[in-house]
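Data block below; observations after.
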Amino acid sequence: MTLVSEAGVEMGYEVDCPHCRKAFLGTLLAGTAARYRGFKCPHCRLFVPLERVESAVKHAGAAPAA
Ligand SMILES: [Zn+2]
């Protein structure tokens, strides 16, 4: 079967930075190891590991929790 290629689709996550506590929409950075997967906070430039925010993170486009 043939599916339309979705190459270039970005994984957007709404992340609350644990350092500056500001929310930002982050694109998941693919690292060479699991611990290098995460986001870079545009406010304080801290690298936020995915596993650090995984419980709080939610896919962009999902219904707001609050
Ligand atoms: Zn930050």
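Bear in mind these aren't lab numbers, they're just calculated from the coordinates by the rules spelled out. Everything numeric in this text was worked out from a predicted model, so none of it was measured. For neighbour counting, all protein chains shown are included, and Cβ atoms are generated from backbone atoms with ideal geometry for every residue, glycine included.
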query = Cβ under 9 Å from ALA23's Cβ, ALA23 left aside: what net charge do those residues give with Lys, Arg +1 and Asp, Glu -1?
reply = 0
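Order the peptides 29-35, 47-53 from the highest to the lowest mean number of other Cβ atoms within 10 Å of their residues.
On the way: 29-35: 10.0, 47-53: 16.4.
Output ranking for 29-35, 47-53: 47-53, 29-35.
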